[in-house]
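Take a look at the structure set out below.
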Amino acid sequence: MTPVIKVENLGKKYTISHQQREESSSLRDVITNSVRSLSKKVFSPFTPHTSPLFVSEDFWALKDVSFEVKQGDRVGIIGRNGAGKSTLLKILSRITEPTSGSIRIKGRVASLLEVGTGFHPELTGRENIFLNGAILGMGRQEIRKKFDEIVDFAEIEKFLDTPVKRYSSGMYVRLAFAVAAHLEPEILIVDEVLAVGDAQFQRKCLGKMEEVGLEGRTVLFVSHQLGAIQKLCTHCFLLGAGAVQHSGKTSEVIEEYLRVCRPGTVLAPVRKGNGTVTFADYHVGESDGKPKEQFFIGDPIHVYFSLTGRESLAAIEVSLELRDVYGDSVAHISNEDDGVVISCMDGVRRDYCVAIPECNLAPKNYFISLWTGKLYETYDYLIDCIEITVLQGGILSRKNPYPEHMKCYLPSRWSEVNG
Amino acid sequence: MIREGAAQIELLIEPNRPALHYWRDVWRYRELFWFLVWRDILVRYKQTVIGVAWSVIRPLATMIAFTVVFGLLAKLPSDEVPYPLLVFAAMLPWNFCANALSESSGSLIGNANLLTKVYFPRIIIPVSSIIVSLIDFTISLVIMAGVMLWYGYLPDWRIVTLPLFLLLAFLPVAGAGLWFAALNVKYRDFRYVVPFSLQFGLYVSPVGFASSIVPEKWRLIYALNPMVGVIDGFRWALLNGAVELYWPGILLSSALSLALLISGLWFFRKTERILADVI
């Protein structure tokens with residue numbers, strides 16, 4: 001069968017420019033420099049600057065990516081954060097242009113990178129169905145034909161003429177997905193959109209996606225939820241560092257993915273510091289050191305890392321910071337708070353384990369950052385270098401989902417007090 | 001939107017796609033274009049009490065202010081035409097251009113969420129916002145007819161040339177709108193440049209006065225402002241030729257406007273390639 005999508009040597013380069021700070025610069029210098037660089041920008045916009053003020057760096061988000069997708073294939077794309085998945089989808093859906101290579105696509109493409117793209121809060125549900133449909137690529141006749149079906153699916157008949165800004169978030173998402181679900185393209189490109197809504201809604205979305213697949217359409221699906229990928233996709237690509245590292249049957253690729261990426265460790269996190277002391281081999285796991293990334297509420301968590309110093313220091317500070325997926329700081333753990341002295345010797349590596357006996361965090365994903373330094377000096381700082389998932393269950397006996405916006409669970413004892 | 005059958009279309013994505021494909025896509029996405037126009041019109045006066053009446057009050061109030069300041073206080077000549085008519089005939093194109101320019105220059109930023117999630121030829125965004133400004137223009141045209149009736153002033157054959165001058169107003173606005181919309185994406189400074197230049201433009205364009213008060217030897221230089229030719233044209237077409245057409249000026253204005261449009265298209269297309277990455 002001939003391929004419907006053929007990607008050849010695809011590459012996408014981003015130019016990142018850092019502005020260098022000059023040691024002593026007067027206001028006049030700043031003004032003349034900025035005028036000079038501004039005039040340069042105006043005359044040759046969007047080209048890398050050669051001015052000494054800017055240091056630019058090329059970053060290949062994708063490089064030499066080639067693959068083929070056949071008619072009716074349901075293809076999953078997996079990989080760590082920053083592997084290039086979103087860039088690939090953006091190029092496939094023509095939002096941004098590739099830097100090199102080419103893609104040939106046969107058939108009508110619809111891409112769903114977000115639920116409810118182009119919804120206007122001031123417009124009513126009815127008006128938004130038409131607008132959103134048109135934005136996703138449906139014609140006016142087509143929307144009119146499917147209008148009743150969409151309204152049925154979304155269960156919002158009563159609020160059809162209410163501005164969507166007055167909708168509850170659940171209604172909003174239902175309406176948005178209903179429009180998207182009634183697209184009938186030959187090729188459907190879906191980003192992590194199923195991660196929204198409650199569990200029941202996610203099941204509904206997955207069901208709809210399966211239906212789409214069974215109708216013989218080609219689906220490209222990006223997700224972090226390996227379960228969903230396994231259920232939906234026939235084939236899989238593993239992306240890493242901007243290239244296809246593995247492709248084949250879904251189960252094989254997922255196995256490879258789990259083998260390559262040590263659980264819980266983020267590849268290439270942002271790193272800062274002067275390097276006097278450095279972290280290495282950090283991961284989370286069980287008490288025996290076995291790597292693990294998923295925990296139930298109340299489970300113990302062990303964070304392992306090693307420290308190597310470039311000079312001998314009597315006492316250094318080491319701390320862990322926990323942030324949730326929304327970037328909110330949740331907890332701070334430090335050796336000084338716990339009254340532990342950590343020293344380091346020139347060139348000697350020492351391994352440590354920080355045990356958190358009860359992890360009472362609300363169920364969602366968290367990032368752990370590692371920091372070491374002294375007062376205001378940073379030796380090494382690994383930002384969001386470990387990702388963990390806290391799952392519902394464990395010490396919680398509730399059945400329905402834990403409120404999503406909560407940060408933690410406080411274990412408590414209940415008793416009846418009779419006067 | 002794309003109606004062709006499955007087998008026929010093969011889409012090729014590669015760096016620097018030829019312009020021909022682009023204009024074919026613009027045609028394919030015409031329905032989305034009208035949807036965007038429709039959306040902007042619907043949204044315009046949502047949650048306002050008097051709604052469309054704003055489109056009537058604003059030009060009328062400005063007309064009265066200009067008539068009082070320039071006609072009654074400064075006693076500028078009006079070429080034998082009631083001063084309010086002279087002012088309103090100029091405000092038709094001026095308000096259209098000013099609205100269209102400020103709407104289109106901010107349009108890409110205002111639709112950033114669309115631009116980073118869906119593909120369509122980006123040019124339909126600034127152009128659709130210009131079309132929306134035509135609604136206000138039409139309403140103003142009706143008011144103009146009312147004011148002319150009030151003064152018992154009937155247009156003659158020259159009124160049929162009005163669409164030509166509207167086209168002449170469209171060229172520089174589309175050109176500048178494309179430039180500013182694209183520049184705004186990377187340099188938000190232009191958010192401040194546009195209102196400022198519009199304020200400035202109101203005084204250097206002959207909106208509150210007749211361009212005949214400009215000394216003869218400066219007229220050609222004055223016509224470097226593309227609005228001069230447009231406003232003179234509107235007055236000529238609506239006010240029975242009471243204002244003489246200054247042909248060298250009109251030709252110069254048209255040539256400049258065309259150059260602005262072509263360069264605007266070129267710059268917009270250039271920016272469009274990297275738009276989703278920098279917005």
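The values are calculated or read from the model by the stated rules, or taken from the named source; none is laboratory data. None of these values were measured; they are calculated from a predicted model. All Cβ positions, glycine included, derive from the backbone under ideal geometry; neighbour counts span all protein chains shown. Note: areas computed on protein heavy atoms with side chains; ligands, DNA, RNA excluded. Shrake-Rupley method; radii C 1.70, N 1.55, O 1.52, S 1.80 Å.
Some values worked out for this structure:
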quantity: Cut-off under 5 Å, modelled amide H: who pairs with residue A:237 long-range; calculated: A:76, A:77, A:78
quantity: Contact order normalised by residue count of chain A, Cα under 8 Å, 6+ apart, percent; calculated: 14
quantity: Dipole of chain B, positive end: most advanced residue of B:183, B:275, B:73 [Cβ charges, Cα centre]; calculated: B:275
quantity: Probe 1.4 Å, protein heavy atoms only - accessible area per residue of the range B:115-217 in square angstrom; calculated: 46
quantity: Given charges at beta-carbon only (K, R positive; D, E negative), |dipole| of the range B:149-279 in Debye; calculated: 340
quantity: Dimensions (Å) - the range A:99-151, Cα atoms, principal axes, largest first; calculated: 43, 24, 14
quantity: Placed amide H near residue A:391: partners under 5 Å, 5+ positions off or other chain; calculated: A:295, A:296, A:297
quantity: Net charge, residue B:235 excluded, C-beta distance under 14 Å - Lys, Arg +1, Asp, Glu -1; calculated: -4
quantity: The range A:286-346: C-alpha gyration tensor shape, a/c 1.5 cut-off, then a/b vs b/c; calculated: prolate
quantity: Per residue solvent-accessible surface (Å²) - the range A:60-261, probe of 1.4 Å; calculated: 41
quantity: Fraction of accessible area attributable to carbon and sulfur, chain A (%, probe 1.4 Å); calculated: 51
quantity: Share of carbon and sulfur in the accessible heavy-atom surface of the range B:99-194 [1.4 Å probe, %]; calculated: 73
quantity: Exposed-loop-free span, longest in chain A, where GluC sites (Glu not before Pro) count as exposed if DSSP calls them loop and at most 13 other C-beta atoms lie within 10 Å; calculated: A:24-154
quantity: Vicinal HN-Hα couplings computed from phi for the range A:62-74 (Karplus, 6.51 cos²θ - 1.76 cosθ + 1.60; Hz; Gly/Pro x); calculated: 9, 9, 6, 8, 9, 6, 10, 10, 8, 3, x, 5, 10
quantity: Centre separation in Å (Cα based) which lies between the range B:31-57 and the range A:142-181; calculated: 22
quantity: The range B:17-278: Rg to Rh, with Rh as the Kirkwood radius over Cα pairs; calculated: 0.99
quantity: Zero-based 10 Å bins, Cα pair distances in the range A:335-419, whole percents; calculated: 11, 33, 27, 18, 8, 2, 0
quantity: Rel. contact order, % - alpha carbon contacts under 8 angstrom, at least six apart, chain B; calculated: 25
quantity: Residue A:62 long-range amide H proximity, modeled H, under 5 Å; calculated: A:12
quantity: Residue range of chain B that is longest and free of GluC sites (Glu not before Pro) which are both DSSP loop and sparsely packed (at most 11 other C-beta within 10 Å); calculated: B:81-279
quantity: Shielding of B:116-123 by partner chains, average beta-carbon count, 10 Å; calculated: 6
quantity: Charge dipole (chain B, unit charges on Cβ, about Cα centre) - positive-most of B:162, B:111, B:220; calculated: B:111
quantity: Under the span-like rule (Cα at least 30 Å along the axis, Kyte-Doolittle mean at least 1.6), DSSP H helices of chain B; calculated: B:124-150, B:162-186
quantity: Distance between modelled label sites at residue A:391 and residue B:58, nm, 7 Å Cα→Cβ extension; calculated: 5.8
quantity: Accessible area buried, both sides summed, chains B and A with 1.4 Å probe, Å²; calculated: 4100
quantity: Under the Debye formula (equal points on every Cα, no solvent term), log10 I(q)/I(0) of the range A:60-261 at q = 0.10, 0.12, 0.15 Å⁻¹; calculated: -0.44, -0.63, -0.94
quantity: For residue A:327, net neighbour charge (Lys/Arg +1, Asp/Glu -1) across residues whose Cβ lies under 14 Å away; calculated: -2
quantity: Radius, Kirkwood style, for the range B:149-279 when every pair of distinct Cα atoms is counted (Å); calculated: 16.3
quantity: Cα gyration tensor, the range B:60-188 - rounded (a/c under 1.5), prolate or oblate; calculated: prolate
quantity: Reference-scaled alpha-carbon Rg (2.2 N^0.38 Å with N residues) for the range A:274-391; calculated: 1.05
quantity: Radius 11 Å from Cβ of residue A:156, net charge of other residues (Lys, Arg +1; Asp, Glu -1); calculated: -1
quantity: Approximate shape of chain A as ellipsoid semi-axes (Cα gyration tensor, √5λ), whole Å, largest first; calculated: 41, 33, 24
